[in-house]
Amino acid sequence: MPHYVKKCPECGGINLILNKDKGEIICKDCGLVIEEKIVDFGQEWSEFDHEQGEKRRRAGAPMTYSVDYDEPIVIKEDNKINIVKIGKFVDEILAEKNTFIKKEGSIEFVPVDDTQCVSFDNEYNTKFRNVSEVSRHPASDVFEIKLETGRKVRTTGNHSVFTVKNNEVTPITVSELKEGEFLIAPMKIPCFEVNEDINVLDEFIKISRKHENIYLRNFSDEKAFVKLKDIESKNECLKGRVKNWKRHKTLPLWFLNKFSREFNVYDYDLNNCSIGIYSGPNELPLSLKIDKKLCRLLGFFASEGSAREHSIVYSFGLHEKEYIDDVKKGIKKLFNINVRADEKETSAIQLEAKSKLMSLFFTEILKTGSNAKTKRVPEVVYSLPEELRLEFLRSYIAGDGSFVCKEYPMQRPQTCIATNSVSEALTNDIIMLYNQLGFNANYQEVFIEGRIMEKTGQWINGSLCTRSLVTNPDSAYKLGFLMEKPIKAKGKPAIENFIPAPPEYKKEWKYRNRIRISRELAIKIAEKFNDNKLLKLAKSEFLFLRVKAIKKAKSTSGYAYDLTVPGYENFVGGRGGIFLHNTKFDRGLGTDIGKESDIYQLSGKDRNKFFRLRKWQHRISTAIERNLKLALAELKRVASYLKLPKSVEE
């Protein structure tokens with residue numbers, strides 16, 4: 001489905017301006033006022049310090065705290081885990097459910113069902129949890145936050161992320177964020193393992209309206225054709241067709257799609273049936289088991305493959321004989337297709353499996369993508385058992401990655417597992433797959449100059465290359481790249497083994513300046529001083545990464561997007577995955593705007609005017625408002641006494 005862009009109804013232009021002062025959206029091309037009287041979700045009162053704001057604030061963070069269109073999120077739908085751009089995901093839902101869209105000013109939101117995202121609870125347990133709503137609103141500027149290890153995300157300035165304060169995870173707005181502060185990211189993405197066979201027939205029926213020449217072959221059940229004759233008599237479009245289907249023992253899949261209510265193919269004998277193109281020689285089975293062979297084929301395709309309209313192609317170096325044999329045998333066993341090998345003048349070889357069915361199976365059913373810029377990790381891989389996910393990952397690394405190891409006597413080796421791709425989405429997928437398996441991977445971007453491909457001899461233009469890097473020797477051992485388990489680290493451990501250093505306990509490490517301490521030391525300190533907050537933080541499956549840079553950027557689509565996760569108010573988004581605060585739940589009654597120092601940047605005249613308006617606001621407030629303020633203060637006091645979480649208090 002195409003991604004939604006708001007247009008002017010008069011001239012069709014997309015160059016729109018949001019006038020926040022007048023509450024209007026105006027077309028810059030023709031001057032038409034498209035929307036007016038847009039509700040201002042900012043607070044109607046002033047605050048000059050945090051304490052005053054806490055007393056006056058009647059609700060949580062505003063609905064306008066949102067994420068840029070291009071930011072990837074991890075979702076689960078129909079028992080499948082997928083990584084999608086939040087903008088594309090929300091736009092498609094809004095387009096599909098356009099009759100259910102609710103509007104509050106410029107903000108559009110719609111309820112969703114059967115969708116989950118990754119979220120943590122008060123005990124810092126990370127799971128998939130239900131999304132109740134999705135929303136979007138116009139946004140022109142965003143902030144790009146870059147963390148150590150290369151993770152990054154783009155959000156609006158009022159959006160909240162999570163940091164550590166007083167040994168607790170707490171939200172902080174991006175506009176208040178400073179370089180060097182810690183943000184929270186998931187150390188491990190949850191997984192549910194489903195190792196079911198792929199129902200190839202069902203999947204091809206779903207796409208049969210686009211590809212009407214795909215048939216069910218060797219179908220000869222007499223009872224079925226009696227039923228088909230009856231359907232033919234009631235539908236003029238089928239007149240004369242059933243006779244030919246019966247003679248050729250075939251049944252077009254578009255018929256099974258269009259007449260699914262009248263005819264269920266699984267009620268009849270499907271023994272010896274297969275799927276094929278009308279006049280093509282190749283066939284596919286009705287179901288396919290996901291095993292190591294298929295995972296290796298998919299891993300090699302993600303690294304070295306490409307899809308054409310009528311074939312699948314793998315490119316290898318002549319020296320990679322083991323991988324060449326693997327691909328040939330795998331395709332022959334799983335798809336019964338002979339692979340043609342084409343040796344190039346360079347030291348390269350191309351393996352081509354001529355089959356439109358196989359090409360459609362890879363690109364439209366498994367959603368592998370077709371070339372270097374569009375390839376993705378197939379969504380089915382994220383839900384496989386661990387050994388099959390590892391098989392896919394190892395094959396991908398073997399084809400498009402490298403492993404470097406420097407060993408020293410009586411010391412831990414220095415290792416680096418690196419993969420390269422021109423596709424940011426594919427590299428992000430690989431990092432998420434690492435995270436699922438419990439490995440921390442770094443993200444890098446490097447510009448590669450134009451060059452000649454050694455394997456194929458073709459010229460490749462310069463492009464942005466993205467990399468994933470795993471440098472922990474323990475991870476290299478678990479992935480099978482080291483034969484012996486590394487000795488225990490005596491020096492600085494891997495970054496995933498650290499948490500932010502609590503300054504109140506600095507005497508425990510002899511007052512040395514430390515930004516981080518090991519989880520092991522944190523647990524000892526927590527147990528010694530009976531600090532449950534620190535103990536929970538040290539045992540959490542969080543990564544604590546420092547902010548390296550914050551800069552302003554332009555919104556990708558002119559909109560910002562959000563998910564509502566009731567009861568948890570957070571989800572994972574951005575390159576590599578970062579916990580983002582979900583702030584839609586309160587409809588934005590109490591927006592935090594500015595800081596105490598902002599008022600003093602005004603001229604003396606404007607500052608006096610501001611103070612005068614604040615005084616009149618207090619004078620004209622009614623008894624009901626004052627009583628409400630007192631009641632809310634009492635509720636806040638009770639919530640503080642009972643130590644209720646912020647979401648319950650709101």
field: Residue list for the stretch 250-295, restricted to those being touching a Ser or Thr at 6+ places or on another chain (Cβ under 6 Å) and among the charged types (D, E, K, R)
entry: GLU283
message: Please count how many residues of the stretch 305-322 are under 27 Å from SER287 (Cβ atoms) and not aliphatic (A, V, I, L, M).
response: 7
query: What residue, of GLU424, GLU386, is under 24 Å from LYS152 (Cα atoms), open to solvent by 50 Å² or more (accessible area, probe 1.4 Å), touching a residue at least 60 places away in the same chain (Cβ under 8 Å) and of a type in the set (Asp, Glu)?
result: GLU424
- line: Scanning the stretch 311-331 residue by residue, those open to solvent by 40 Å² or more (accessible area, probe 1.4 Å) and touching a Gly at 6+ places or on another chain (Cβ under 9 Å) turn out to be TYR323
task: Can you confirm whether the stretch 346-357 contains a residue that is without any contact (Cβ under 8 Å) to a residue 12 or more places away in the chain and either open to solvent by less than 20 Å² (accessible area, probe 1.4 Å) or touching an Asp or Glu at 6+ places or on another chain (Cβ under 8 Å) (or both)?
output: no
message: Given the options VAL404, VAL380, name the one that is open to solvent by 10 Å² or more (accessible area, probe 1.4 Å), within 19 Å of the chain's Cα centre (by Cα) and among the hydrophobic types (A, V, I, L, M, F, W, C).
response: VAL380
statement: Going through the stretch 555-571 in order, the residues found to be over 19 Å from ASP91 (Cα atoms) and either at pLDDT below 90 or hydroxyl-bearing (Ser, Thr, Tyr) (or both) are PRO566, GLY567, TYR568, GLU569
- line: Within the stretch 159-178, residues of a type in the set (A, V, I, L, M, F, W, C) and in a helix (DSSP H, G or I) come out as VAL174
field: Extreme residue, nearest to the chain's Cα centre (by Cα), among residues of the stretch 459-502 that are aromatic (Phe, Trp, Tyr) and open to solvent by less than 70 Å² (accessible area, probe 1.4 Å)
entry: PHE498
- prompt: Does the stretch 572-587 include one or more residues that are in contact with an Asp or Glu (Cβ under 7 Å, 6 or more places away or on another chain), among the aliphatic types (A, V, I, L, M) and at pLDDT 90 or above?
  reply: no
- prompt: Of all the helices (runs of 4 or more DSSP H) wholly in the stretch 181-289, which have at least 2 residues that are touching a residue at least 12 places away in the same chain (Cβ under 8 Å) and either acidic (Asp, Glu) or open to solvent by 70 Å² or more (accessible area, probe 1.4 Å) (or both)?
  reply: 200-206, 222-234
- prompt: Looking at the stretch 153-180, which of its residues are open to solvent by 30 Å² or more (accessible area, probe 1.4 Å) and of a type outside the set (Gly, Ala, Ser)?
  reply: ARG154, ASN158, VAL164, LYS165, ASN166, GLU168, THR170, PRO171, GLU176, LYS178, GLU179
task: With the checklist (1) open to solvent by less than 30 Å² (accessible area, probe 1.4 Å); (2) in a strand (DSSP E or B); (3) free of Cβ contacts under 8 Å to residues at least 60 places away in the same chain in hand, flag the one item LEU334 doesn't pass.
output: (2)
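The values are calculated or read from the model by the stated rules, or taken from the named source; none is laboratory data. Computed from a predicted structure; not experimentally measured. Neighbour counts run over all protein chains shown; Cβ positions are idealised from the backbone, glycine included. Areas reflect the complete protein model, heavy atoms only, side chains present, ligands, DNA and RNA absent. Shrake-Rupley method; radii C 1.70, N 1.55, O 1.52, S 1.80 Å.
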